[in-house]
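Down below is the structure, laid out as structure tokens.
The values are calculated or read from the model by the stated rules, or taken from the named source; none is laboratory data. Predicted model only: the values in this text are computed from it and were never measured. Note that each Cβ is placed from the backbone with ideal geometry, even for glycine, and that neighbours are counted across all protein chains shown. Heads up: the accessible areas ignore ligands, DNA and RNA and are worked out on the full protein's heavy atoms, side chains in. Shrake-Rupley method; radii C 1.70, N 1.55, O 1.52, S 1.80 Å.
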Amino acid sequence: DDEMVENIIITGHDQVTLELSDGRLIPGPPVADSDAELIDFLVFLASRSEVNARPFSQAQPRLHLRLDGGARLAAAAWVTPRPSVVIRRHRLRRITLEDLVGLGALTDVAASFLSAAVKARKSIVVAGAQGAGKTTLVRALCAEIPPHEAIGTFETEYELHLHELRDQHPIVFAWEARPGSGERGPDGSQAGEFTLSQALFDSFRFNLSRQIVGEVRGHEILAMLKAMESGAGSISTTHAPTAEGAIAKLVTCAMEAGPHVTHDYAVRAIAAAIDVVVHVHLETAPTTDGVWQRNRWVAEIITVAPGEKDKGYAIQHVFRTAPGEQAATPHVLDDSYRDLTRYGFDLQGFFAATRG
């Protein structure tokens with residue numbers, strides 16, 4: 001009920017930390033009378049969800065669930081010392097790049113580059129640590145998509161919520177994966193399972209302009225690559241420590257899909273599919289009053305292209321953060337991106353900043 005609360009972090013019924021909208025981390029009250037009661041409530045919540053019921057038991061000890069109000073819940077029990085839960089509230093559903101500039105997360109010039117890249121239908125990956133603000137940045141990027149375009153979103157749990165912003169995006173088809181249960185069939189899938197790959201396959205009959213695969217943690221990479229290979233200007237997120245590190249992470253995810261995906265193939269496919277990687281940095285530091293404070297900002301933006309055989313790809317740092325700074329400033333612009341001026345990129349501002 002508290003609008004200031006953005007994340008609820010539970011490591012036992014009486015060990016609760018709250019992350020507030022201003023980035024502060026403070027202790028929270030107990031959420032149950034015992035760990036057993038907390039587990040019972042999670043089981044009930046998972047089975048009775050109105051939007052997408054999911055199993056949670058000793059046989060299925062992990063839970064990823066979208067709550068009826070739209071928040072995202074992740075939980076584990078029986079395989080952890082105490083039941084562990086993180087609830088993330090999506091406070092900034094309606095957000096723009098201009099808003100992020102106002103919050104100090106990126107500069108005007110970087111915002112103009114990203115806006116132009118979206119309008120030019122470049123495929124973009126947003127990388128960063130957990131809780132760095134990747135999904136918020138993706139929502140801001142999606143706000144740059146012209147309203148006449150038909151968008152398809154593909155997520156394991158709804159987080160983007162573009163389908164709820166009808167005034168911003170009138171035509172949005174939102175797909176949500178569904179885990180199966182019980183025995184696996186001849187094709188290896190469980191009864192009732194619905195994957196992102198299946199959703200993406202179906203979406204090619206929906207006359208979409210954009211296919212956006214929300215988050216890539218593993219096998220979602222195959223859906224992401226297929227969406228990006230269609231040349232529709234897709235956008236995805238992944239967890240990685242740097243912009244270039246996101247490429248290595250995605251290569252690993254692709255190779256986990258099976259022995260048929262070799263390292264060389266994965267690198268070539270990813271280098272050919274991705275145009276731009278944006279890295280969002282998360283920094284947590286104590287304040288003078290002893291409260292921990294989280295700050296987030298766009299730390300680097302790189303362009304990606306197929307490269308020499310030894311590496312398989314080539315990158316160029318368009319924006320990067322100088323040591324001790326909290327803003328990614330212009331660095332080097334590949335000639336092939338100069339025509340983004342057609343889509344509003346502030347090229348003069350870019351070169352003025354590099355001279356400065």
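Compactness ratio of the range 39-113: Cα Rg over 2.2 N^0.38 Å, N = residue count?
In units of the 2.2 N^0.38 Å rule of thumb, it is 1.57.
Taking only protein heavy atoms and a 1.4 Å probe, the accessible area of the range 291-356 is 47% carbon and sulfur. Label-to-label distance for Ala150 and Arg268 is 3.3 nm, based on points extended 7 Å past Cα in the beta-carbon direction. Given R0 = 35 Å, the distance between the Cβ atoms of Ser34 and Asp202 translates into a calculated FRET efficiency of 0.20. The separation of the range 59-112 from the range 228-270, counted between C-alpha centres, amounts to 22 Å. Compared with the alpha-carbon gap, the fully stretched path from Phe44 to Glu308 is longer by 89.7 nm at 0.36 nm per residue. Computed over protein heavy atoms with a 1.4 Å probe, the carbon and sulfur contribution to the accessible area of the range 113-223 reaches 50%.
For the chain, the longest principal axis of the alpha carbon atoms and the long axis of helix 220-229 meet at an angle near 30°. Looking at the chain, the accessible area is 48 square angstrom per residue; that uses a 1.4 Å probe and ignores ligands, DNA and RNA.
The value given for the chain is a Kirkwood hydrodynamic radius of 21.6 Å, derived from the mean inverse Cα-Cα separation. Highest GNM mean-square fluctuation among Ser197, Ser47, Ser236, for the chain modelled with Cα contacts below 10 Å: Ser47. Packing here is the average count of other Cβ atoms within 10 Å per residue, and on that basis the peptides 284-296, 146-158, 30-42, highest first, run 146-158, 30-42, 284-296. Dimensions of the range 263-356 based on its C-alpha atoms, expressed as ranges along the principal axes with the largest first, amount to 52, 38, 22 Å.
Report the net charge of residues surrounding Leu18, where surrounding means a beta-carbon distance below 15 angstrom and charges are Lys +1, Arg +1, Asp -1, Glu -1.
Overall, the nearby charge balance is -2.
Volume of the convex hull of the range 1-135 (Cα atoms only), normalised per residue: 144 Å³.
Once the Cα atoms are used to define both axes, helix 108-119 deviates from the longest principal axis of the chain by about 80 degrees. At full extension, Gln168 and Asn295 could sit 42.9 nm farther apart than now, given 0.36 nm per residue minus the alpha carbon distance. Per residue, the chain reaches -7500 deg cm²/dmol at 222 nm when only DSSP H runs of four or more residues are counted, each adding -39500 (n - 2.57). Between Glu283 and Arg82, the simple spin-label model (points 7 angstrom out along Cα→Cβ) gives 3.2 nm. The mean sequence distance of close C-alpha pairs (under 8 Å, at least 6 residues apart), as a share of the length of the range 74-135, puts its relative contact order at 15 percent. Evaluated at q = 0.14, 0.15, 0.26, 0.27 Å⁻¹, the base-10 log of the normalised Debye intensity for the range 69-141, with identical point scatterers placed on the Cα atoms, takes the values -0.57, -0.63, -1.26, -1.31. Look at the alpha carbon pairs under 8 Å that are at least 6 residues apart: their mean separation over the length of the chain gives a relative contact order of 15 percent. In this structure, the amide hydrogen of Ala314, modeled 1.01 Å from its nitrogen in the peptide plane, lies closer than 5 angstrom to those of Ala305, Gly307, counting only residues at least 5 positions away or on a different chain. Taking every alpha-carbon pair under 8 Å whose residues sit at least 6 apart, the range 237-291 reaches a relative contact order of 33 percent.
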